[in-house]
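Chemist: The structure follows.
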Amino acid sequence: MKWKESDFSKALSGVRAVLIYGPDAGLVDELCDKSVEILSIDKDNIFALDSDELRDKQDALFAEALTPSMFGGRKMVIITNAGDSHAKVIGELVGHAGLDAMVIVTAGDLRAGGGLRKMFEDGQNIAAVACYTDDARTLETLIRNELFTVAQIKQISPDAITYMTTHLGGDRGITRGFLAKIALYVDDKKTIDLKDVEKCFPDTGPANPDDFFIFFDRRAYWSHNVGTGPIIIRQCRTEHVNPHVGPTF
């Protein structure tokens, strides 16, 4: 089945597996994280591996996916960075009669008609959702919702809105990270103008490796929200800065 992003929350519980793919890596990460929340999957019931590990860990993958949880509750198997070359083994997994786990497969941009997309789009009880970059209309709706509704910002100047819709939108994770940052920056006044946006925009200052350390420690490690770390680490890589990659206790 082909899904839109709006179908994801409503229909997720009714399928065996979902392919989440597309050029917006932040949105792919966001929907993967969201699937854990929607289905109330306990962290001890998650088995995740990268597609590069499929050959060496195929037996472990099937063992996890075909057996009930030792801890109770539903299990989830997550396969990341998949491609058409992995369609055969993934097809065997999601089509297995003894499947006892929800399967989430993530991928980058996949060609139409390719083995992986075609299998999930045409199959029964499985679905594919594409994650394309936000257009101007979708992006402005996201910005207004995150800042007015969530962050309780009282006013945003038109030129600030224009600047954000022009410079954001390529990655949903980076967009949300920026909106959270600017909401915190203007928390004392609850208004946003163009100067505020320019000061907070990621490209206006050097990457701080400690930012990644904070994101990983507080949000990715403890809450298992893995979609936020790449916001900072991508900037660190661009500027050739080595981020800290371990949690503190």
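The values are calculated or read from the model by the stated rules, or taken from the named source; none is laboratory data. Small disclaimer: the values here were computed from a predicted structure and weren't measured. Here the Cβ is made from the backbone with ideal geometry for all residues, glycine too, and neighbour counts use every protein chain on show.
Chemist: Looking for something of a type in the set (Phe, Trp, Tyr) and more than 18 Å from Arg172 (Cβ to Cβ) - is there at least one such residue anywhere in segment 124-147?
Modeler: For segment 124-147, residues of a type in the set (Phe, Trp, Tyr) and more than 18 Å from Arg172 (Cβ to Cβ): absent.
Chemist: Taking Ala48, is it of a type in the set (A, V, I, L, M) and in a strand (DSSP E or B)?
Modeler: Yes: the conditions hold for Ala48.
Chemist: Determine which member of the set Ala101, Ala130 is within 20 Å of Lys10 (Cα to Cα), out of contact with any helix residue (DSSP H, G or I) (no Cβ under 7 Å at 6 or more places or on another chain) and either surrounded by 21 or more Cβ atoms within 10 Å (Cβ to Cβ) or at pLDDT 95 or above (or both).
Modeler: After applying the criteria, what remains is Ala130.
Chemist: For Phe178, indicate whether it is modelled with pLDDT under 90, closer than 26 Å to Lys34 by Cβ and not assigned by TED's automatic domain parsing to the domain that holds Gly114.
Modeler: When the stated conditions are applied, Phe178 does not pass them.
Chemist: Got a sec? Which of His86, His96 is part of a helix (DSSP H, G or I) and touching a residue at least 12 places away in the same chain (Cβ under 8 Å)?
Modeler: Exactly one of His86, His96 is part of a helix (DSSP H, G or I) and touching a residue at least 12 places away in the same chain (Cβ under 8 Å), namely His86.
Chemist: So Gly173 fits all but one of (1) under 22 Å from Asp109 (Cα atoms); (2) surrounded by fewer than 21 Cβ atoms within 10 Å (Cβ to Cβ); what number is the exception?
Modeler: The failed condition is (2).
Chemist: Let me ask you something else. Any idea which of (1) farther than 30 Å from Ala87 by Cα; (2) in a helix (DSSP H, G or I) is the one Ile153 doesn't satisfy?
Modeler: The number of the failed condition is (2).
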